[in-house]
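Working notes, structure below.
The values are calculated or read from the model by the stated rules, or taken from the named source; none is laboratory data. The shown structure was predicted, so the numbers you read here are calculated from the model rather than taken from an experiment. A quick note on method: Cβ atoms are made from the backbone with ideal geometry, for glycine too, and the neighbour counts reach across all protein chains shown.
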Amino acid sequence: METGVVAGVELPMESDSPPVSGMPALHLRMLGPMAIERAGIPVKLPASRKVRAVIAYLALAPHAVARSHLCELLWDVPDDPRGELRWCLSKIRRLFDGPDRPRVESAGDGVSLDLSDCVVDASEVGRALEAGVEPLSVERLQALSALFGGEFLEGLDIDRNPEFGGWLTAQRRRFRAGQATILEHLAKRVPPDSEAGLRCLEKLLALTPFDQRAHENLLAALARRGRIREGDEHLAATARLYEAEGFDWSPLRDAWRAAKARPPGFATSPGGIILPSASSAIVPPDVPVVPAASRRASIAVMPFLDTTPGSTARGRLADGLAHDIITRLAKLRSLFVIAQGTVFALGDRGVGPEEAGRTLNVDYVASGTLRREGQRLAISVELTETRTAHIVWADEYDEALDDALGILDEIGDRIVASIASEIETAERNRAILKPPSSLDAWEAYHRGLWHMYRFNRADNEQAQQFFETAVRLDSTFARAYAGLSFTHFQSAFQDWADREREAELAFEFAGQSMMIDDRDPAAHWSMGRALWLRRQPEQAVVELQTAVDLSPNFALGHYTLSFVSSQSGDPHAAIASSDRSRHLSPFDPLLFAMLATRALAHFRLGQYDEAADWALKAVARPNAHVHIKGIAVHCLAMAGRDDEARAIVASIHQALPNYGCDEFLSAFRFAPEAEALIRKSAKRIGFA
């Protein structure tokens, strides 16, 4: 590892050939007009825009790019696109290859640009954003900020190349969002009313003129420095800007009045930065706000772009998919979802996802593209944290277009389930890093989820305490009551406390959750589990069916339907529900249980080999508890795989010497014929 010095900024770089005179072998600048330096000396670039476009595309590509793709990207049906590409690559070799260091690599149809011993400003920024800018030092943030010399590939627009134009627009939005993230975090780390802090905020607002948080921070800094006239002028100019766009600027007016009323030097956080809640977002007046007491993670789903050749940027299928995702996310009740009218209006104005996220002051933004090629439909989607520009999740879907509406419905289900799961995971991980005493209701709830999903007695008790904190802080938080119900269900099911009392507490808290929000699928899910504990499986199925009717993407509802049906209901329905839950949430913390319910369904159908295979998959998953191992024991025994069954019995008895068939059956609610088979198999292998 060496250090190259570029424009006074130290940057780490990997090198397999020594740089000249302490400088990097090559320095490629793309954050501004493209420029190349070799050992600190500027290199004259070819006049061809397409040569520069190929350089940029290859420099940022994560792997080799097919020549055919480059031809489609940059040539509008010329006479000889591959010939023109060969000419471009010959020019690029002269720029980048050294006597003993070829950097343009060709393998078959693929082309790549090896810049591992070079400094590429866009790659430096991209890696920093991907890793997360929060832990970076002030010096590193300043170094990254200094890399921005203008817009990404400034001046490099190519007419009649919509494919490249779309890529270029996406990259410009990405790096603009990255620059805003770096500036925002830098502003938090330097004295907010210092000249450096003010410059950061001014640069940030030049990039994101509708970012209310940045405006409030700038006004607060001006008030602390006694620069009231400048604050008045800034507010007046901002009000005119917002009024021209139809946005409500009154929250900024209120923030400025409050800032002027504070005593000099007043600070609201360790860095002196005001951090308003999502309810104070600058949004069009018709957008509802979220009361602070019932804060939820907020998300904006932007219109999907239709990249089908010959189509407009927006299309019926693309708009329909975005609308469907917005509607289904809202049904989950766990997120504050910006209404379709607002995000589509911003999309019509050409506002990109990253800028929209800051304008709306939401926590997350989802965006994507749709492309139709013959009878196939390709969809890409990504979920981004607004304030860090970090891509939380991204995926691609490629399906045959036999039934357009059916395919969109299926893909919509998968996208919604993934977004909900990824946000929940991100919020859990964020909450676990905060001191318990500093948590609000939302954070305490997610801290409880983190412990709840570890499926052991100590963590279950910890989860219960965090859920109790959440409902103490916000008595209208339906999901926190559902979480409390789940912890008492766990205590009863695992026999960690008096079963009858825990079952009644699970029922009581599920009832409170439903009273607060009868439209929340999690409330009905918790009630279904509680009713099952109370030996009311028919009523349990009614509540669980209501949960999935309210939100067809609610994976835990489908799983619990499988759980109930696998023991005493329709085993075929149990298999279908298990498959549905895993399809919607393939990495769910309860995946072991989803697999185990399918094993039980096969057991009841007399399909013992299949039951044994599914049970072993369940046991192999993290957090698989003793009852899951018990399921595997009986499935293996009925399949005649006694040695494997006895090995699992031995592992059970290492932790719980007194656990046997009676303890297993007392936890479940099997139909009489299934219970008889379980006792028979247990007796044969000595598990009675």
Within region 482-511, track down each residue that is of a type in the set (Asp, Glu) and assigned to a helix (DSSP H, G or I).
500, 502, 504, 508
Among the residues of region 236-255, write down those that are over 28 Å from residue 348 (Cβ atoms) and crowded, with 19+ Cβ neighbours inside 10 Å.
255
Check region 606-623 and report whether any residue there is farther than 13 Å from residue 681 by Cα and either in contact (Cβ under 8 Å) with a residue 40 or more places away in the chain or in contact with a strand residue (DSSP E or B) (Cβ under 7 Å, 6 or more places away or on another chain) (or both).
yes
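Residues checked against (1) buried (at least 24 other Cβ atoms within 10 Å of the Cβ); (2) under 29 Å from the mean Cα position of the chain (by Cα):
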{"site": "496", "(1), (2)": "no, no"}
{"site": "500", "(1), (2)": "no, no"}
{"site": "505", "(1), (2)": "no, no"}
{"site": "510", "(1), (2)": "yes, yes"}
{"site": "515", "(1), (2)": "no, no"}
{"site": "518", "(1), (2)": "no, yes"}
{"site": "522", "(1), (2)": "yes, yes"}
{"site": "525", "(1), (2)": "yes, yes"}
Which condition number in (1) buried (at least 23 other Cβ atoms within 10 Å of the Cβ); (2) part of a strand (DSSP E or B) is the one that residue 377 fails?
(1)
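Conditions (1) among the acidic types (Asp, Glu); (2) more than 25 Å from residue 298 (Cβ to Cβ); (3) touching a helix residue (DSSP H, G or I) at 6+ places or on another chain (Cβ under 6 Å), marked per residue:
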| residue | (1), (2), (3) |
| --- | --- |
| 421 | no, no, no |
| 429 | no, no, no |
| 466 | no, no, yes |
| 479 | no, no, yes |
| 501 | no, yes, no |
| 517 | yes, no, yes |
Scanning region 382-417 for residues that are buried (at least 16 other Cβ atoms within 10 Å of the Cβ), in a helix (DSSP H, G or I) and without any contact (Cβ under 8 Å) to a residue 60 or more places away in the chain gives 407
Only one of (1) among the polar types (S, T, N, Q); (2) buried (at least 24 other Cβ atoms within 10 Å of the Cβ); (3) outside any helix (DSSP H, G or I) does not apply to residue 475, and that is (2)
Any hit, region 189-198, residues being surrounded by fewer than 22 Cβ atoms within 10 Å (Cβ to Cβ), within 25 Å of the chain's Cα centre (by Cα), modelled with pLDDT under 90 and not acidic (Asp, Glu)
no
State which residue is farthest from residue 156 (Cα to Cα) when the search covers only region 17-55 and only residues that are modelled with pLDDT of 90 or more and charged (D, E, K, R).
37
So which of 176, 140 is under 29 Å from the mean Cα position of the chain (by Cα), more than 27 Å from residue 52 (Cα to Cα) and surrounded by 14 or more Cβ atoms within 10 Å (Cβ to Cβ)?
140
